[in-house]
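The values are calculated or read from the model by the stated rules, or taken from the named source; none is laboratory data. Since the structure is predicted, the reported quantities are computational estimates derived from the model, not experimental observations. In this analysis, Cβ positions are derived from the backbone assuming ideal geometry, glycine residues included, and neighbour counts consider all displayed protein chains.
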2 protein chains.
Amino acid sequence: MKKIINKPEDYVKEMLEGLYIAHPDLITYTGDDVHCLVTANKVKGKVGLATGGGSGHLPLFLGYVGKGMLDACSVGDVFQSPSAEQMLACTKYIDDGAGVLYIYGNYNGDIFNFDMAAEQADFEEDIRVESVVAGDDVASAAPSKEGEKNTRRGVAGIIFVYKCAGAAANDMLSLDEVKRVAEKAAANTRTMGVALTPCIVPRVGKPGFSIGSDEMEIGMGIHGETGIRRGKLEPADEIAEEMLAKIIGDIPYEKGDEVDVLINGLGSTPLDEQYIVLRKVDEILKREGLLVHKYYTGNYATALEMGGISISMIKLDDELKKYMDAPAETPFFKQM
Amino acid sequence: MKKIINKPEDYVKEMLEGLYIAHPDLITYTGDDVHCLVTANKVKGKVGLATGGGSGHLPLFLGYVGKGMLDACSVGDVFQSPSAEQMLACTKYIDDGAGVLYIYGNYNGDIFNFDMAAEQADFEEDIRVESVVAGDDVASAAPSKEGEKNTRRGVAGIIFVYKCAGAAANDMLSLDEVKRVAEKAAANTRTMGVALTPCIVPRVGKPGFSIGSDEMEIGMGIHGETGIRRGKLEPADEIAEEMLAKIIGDIPYEKGDEVDVLINGLGSTPLDEQYIVLRKVDEILKREGLLVHKYYTGNYATALEMGGISISMIKLDDELKKYMDAPAETPFFKQM
């Protein structure tokens with residue numbers, strides 16, 4: 001295991017200490033627990049937005065707490081859910097009478113703890129909490145039927161949900177309205193990933209999976225969950241075609257629809273390669289008659305040093321476009 | 001070689017095509033050559049700032065062209081200098097009568113070509129060009145004596161020079177004044193790197209160097225140039241101590257001096273590890289009596305997928321602090 005760290009058991013704590021030192025104008029923590037990360041700029045009367053999840057995905061999740069996006073993030077150990085107590089502490093800190101919306105990825109541990117925290121917030125603290133669970137990974141399950149629960153995992157596309165909900169809350173919309181916007185953003189977002197090399201959880205000390213030196217896995221999850229298929233590494237253009245076919249085959253659209261697209265690096269994949277993929281993605285979307293309003297490129301949601309990328313797309317209407325374009329300032333997301 | 005690319009010979013061209021698609025509001029190119037990247041927002045009468053260098057270091061160099069920083073970047077092949085012709089084309093595009101300042105890293109190929117371009121701009125185009133060569137890597141050579149040329153390589157610290165010069169030019173200072181600010185920023189900037197794993201130039205197809213699975217190299221350059229020493233991988237805190245000792249031992253300072261610090265990932269090193277190092281850097285600087293005005297953390301200057309980090313420090317006075325803090329908006333650097 002080749003990492004610039006101290007003791008593996010101090011990994012998350014020391015990472016968080018560094019974060020608070022670096023961004024005192026944007027973030028702080030509550031309840032004497034560095035895992036309970038909250039905004040340093042609480043807005044009076046605004047609906048509070050909280051997320052949470054395991055570490056190892058920086059800048060996800062905590063990097064999106066700040067002005068115009070999230071207000072809190074409970075931080076778990078690497079690839080582990082934070083606790084309900086930590087979520088409750090964040091909830092109490094950010095509630096200002098308008099209620100709190102939880103936005104998090106579709107993983108059992110997170111669902112269990114966020115549900116418990118929401119219940120406690122309601123019964124013990126009289127804080128109204130609503131939840132939106134992001135499940136944008138088209139590789140992880142078939143699309144849910146009308147009225148059924150989405151069983152897909154949440155991956156990089158959750159950032160679109162954060163952005164839209166954050167801007168809606170910043171416009172001082174009510175909890176019900178912010179929830180509606182978040183649900184609309186989530187319903188219109190799809191992601192597909194491809195992995196080339198594995199990552200090592202510091203406490204484990206060895207790769208979570210192995211993959212041949214000439215292989216890739218299409219659809220692998222951000223914790224190494226099994227994808228759709230494993231095969232020989234192909235040229236970037238072919239990979240982009242296969243990934244995008246899954247995305248646009250999954251979302252109903254008409255020619256002329258507008259989308260935002262995120263080309264996301266999973267950790268060790270250079271930006272160069274992300275832009276090479278972006279070039280092909282643009283060609284495909286033009287061919288399909290979809291209009292890209294804006295591209296986002298970079299490491300937005302990682303899996304430690306995993307090699308690979310994901311492509312996320314959100315289909316926009318005028319409302320989502322307005323919220324996607326609104327300014328925001330967090331440690332990792334800055335938009336004028 | 002495990003990369004998401006098409007033909008290695010198309011690597012840079014396709015990366016650039018992706019970049020122009022993604023950032024049409026900020027960058028474009030001149031002379032029908034995608035390697036001649038220029039700002040899409042020319043400011044009337046402003047001193048033009050140009051840089052250039054090999055590809056493979058994204059977001060360096062081109063990612064800092066935009067509002068409040070650079071106006072142009074000539075883009076070479078991976079780890080290769082761009083040509084004097086490309087530099088001249090950029091120079092002609094960005095000059096608006098106030099002259100052009102070249103800011104680039106201390107490498108022979110770049111010096112040769114930038115000098116030729118400056119000469120041609122002067123003789124053939126009547127454009128006054130001045131140059132500032134950044135050489136911030138303390139590992140690469142002994143400090144230069146008074147009046148001698150700096151023989152150190154330019155690495156991540158060049159971003160501080162871009163930022164200060166960019167803000168000075170944006171304040172409509174003259175070419176001489178912008179050059180003075182850039183020289184002051186360069187003279188007060190130091191960087192040290194450590195490498196853990198090598199990178200692969202696409203056309204070459206195999207690692208440029210090898211390094212044992214339990215080893216690190218302190219002071220390695222961003223093209224794999226030999227560093228100060230190779231040894232067993234140590235805990236993050238010890239690495240930070242050794243790197244920072246080299247930096248603060250090289251720059252004259254007094255207790256209470258203010259600095260900005262950049263913790264930079266070389267490619268495949270997770271942000272988590274960068275923040276773990278930042279935490280220790282902060283402890284050391286406090287011990288030394290230096291006051292950190294602001295931290296920058298992330299992949300600002302990479303070497304493809306190289307594993308490792310660098311630490312850069314700029315000693316501030318009121319003028320440099322003002323310019324470091326001024327707003328800027330480029331594809332990769334956004335500051336409100």
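Would you mind finding the one in B:266, B:278 that is in contact with a strand residue (DSSP E or B) (Cβ under 6 Å, 6 or more places away or on another chain), buried (at least 21 other Cβ atoms within 10 Å of the Cβ) and over 30 Å from residue B:72 (Cα atoms)?
Checking each option against the conditions leaves just B:278.
Name the strands (runs of 3 or more DSSP E) wholly inside segment A:1-99 in which the number of residues that are of a type in the set (A, V, I, L, M, F, W, C) and modelled with pLDDT of 95 or more is 3 or more.
In segment A:1-99, A:36-39, A:72-78 are the strands (runs of 3 or more DSSP E) which contain 3 or more residues that are of a type in the set (A, V, I, L, M, F, W, C) and modelled with pLDDT of 95 or more.
Quick check on this structure: which one of B:81, B:55 is closer than 25 Å to residue B:264 by Cα and more than 14 Å from chain A (Cβ to nearest Cβ)?
B:81
Please find, among A:122, A:126, A:115, the residue that is at positive phi, surrounded by fewer than 21 Cβ atoms within 10 Å (Cβ to Cβ) and among the charged types (D, E, K, R).
Working: A:122 fails: at positive phi; A:115 fails: at positive phi.
Result: A:126 is the single residue among A:122, A:126, A:115 that is at positive phi, surrounded by fewer than 21 Cβ atoms within 10 Å (Cβ to Cβ) and among the charged types (D, E, K, R).
Scan segment A:236-253 residue by residue and report those that are within 14 Å of chain B (Cβ to nearest Cβ) and in contact (Cβ under 8 Å) with a residue 12 or more places away in the chain.
A:236, A:237, A:239, A:240, A:241, A:242, A:243, A:244
Counting only residues that are within 19 Å of residue B:56 (Cβ to Cβ) and assigned by TED's automatic domain parsing to the domain that holds residue B:300, give me the strands (runs of 3 or more DSSP E) lying completely in segment B:161-249 with at least 3 of them. I'd like the intermediate steps shown before the answer.
Values: elements: B:189-197, B:215-218, B:229-232.
By residue number, B:189-197.
Would you point out which residue out of A:64, A:93, A:107, A:102 is farther than 23 Å from residue A:193 by Cα, hydroxyl-bearing (Ser, Thr, Tyr) and under 18 Å from the mean Cα position of the chain (by Cα)?
Residue meeting the stated conditions: A:102.
Kindly check whether there is at least one residue in segment B:105-119 that is without any contact (Cβ under 8 Å) to a residue 60 or more places away in the chain, out of contact with any strand residue (DSSP E or B) (no Cβ under 9 Å at 6 or more places or on another chain), farther than 28 Å from residue B:188 by Cβ and part of a helix (DSSP H, G or I).
There is at least one residue in segment B:105-119 that is without any contact (Cβ under 8 Å) to a residue 60 or more places away in the chain, out of contact with any strand residue (DSSP E or B) (no Cβ under 9 Å at 6 or more places or on another chain), farther than 28 Å from residue B:188 by Cβ and part of a helix (DSSP H, G or I).
Checking the structure you have, find out if any residue of segment A:268-288 is within 20 Å of the chain's Cα centre (by Cα) and more than 29 Å from residue B:202 (Cα to Cα).
Checking segment A:268-288: not a single residue is within 20 Å of the chain's Cα centre (by Cα) and more than 29 Å from residue B:202 (Cα to Cα).
Only one residue in B:99, B:31, B:45, B:68 is over 30 Å from residue B:246 (Cβ atoms), in contact with a Lys or Arg (Cβ under 6 Å, 6 or more places away or on another chain), surrounded by fewer than 24 Cβ atoms within 10 Å (Cβ to Cβ) and in contact (Cβ under 8 Å) with a residue 60 or more places away in the chain, so which one is that?
Exactly one of B:99, B:31, B:45, B:68 is over 30 Å from residue B:246 (Cβ atoms), in contact with a Lys or Arg (Cβ under 6 Å, 6 or more places away or on another chain), surrounded by fewer than 24 Cβ atoms within 10 Å (Cβ to Cβ) and in contact (Cβ under 8 Å) with a residue 60 or more places away in the chain, namely B:99.
Which one is farthest from the chain's Cα centre (by Cα) among residues in segment A:67-90 that are farther than 17 Å from residue A:167 by Cβ and acidic (Asp, Glu)?
Per the stated criteria, the residue is A:85.
Checking residue A:42 against (1) among the basic types (Lys, Arg); (2) over 30 Å from residue B:238 (Cβ atoms); (3) within 14 Å of chain B (Cβ to nearest Cβ), only one condition comes out false. Which one?
Going through (1) among the basic types (Lys, Arg); (2) over 30 Å from residue B:238 (Cβ atoms); (3) within 14 Å of chain B (Cβ to nearest Cβ) one by one, residue A:42 breaks only (3).
So which residues in segment B:33-49 are within 19 Å of residue B:327 (Cα to Cα) and not β-branched (Val, Ile, Thr)? Can you show your working first?
Quick first cut of segment B:33-49, residues within 19 Å of residue B:327 (Cα to Cα) only: B:39-44, B:46-49.
Those that are within 19 Å of residue B:327 (Cα to Cα) and not β-branched (Val, Ile, Thr): B:40, B:41, B:42, B:44, B:46, B:48, B:49.
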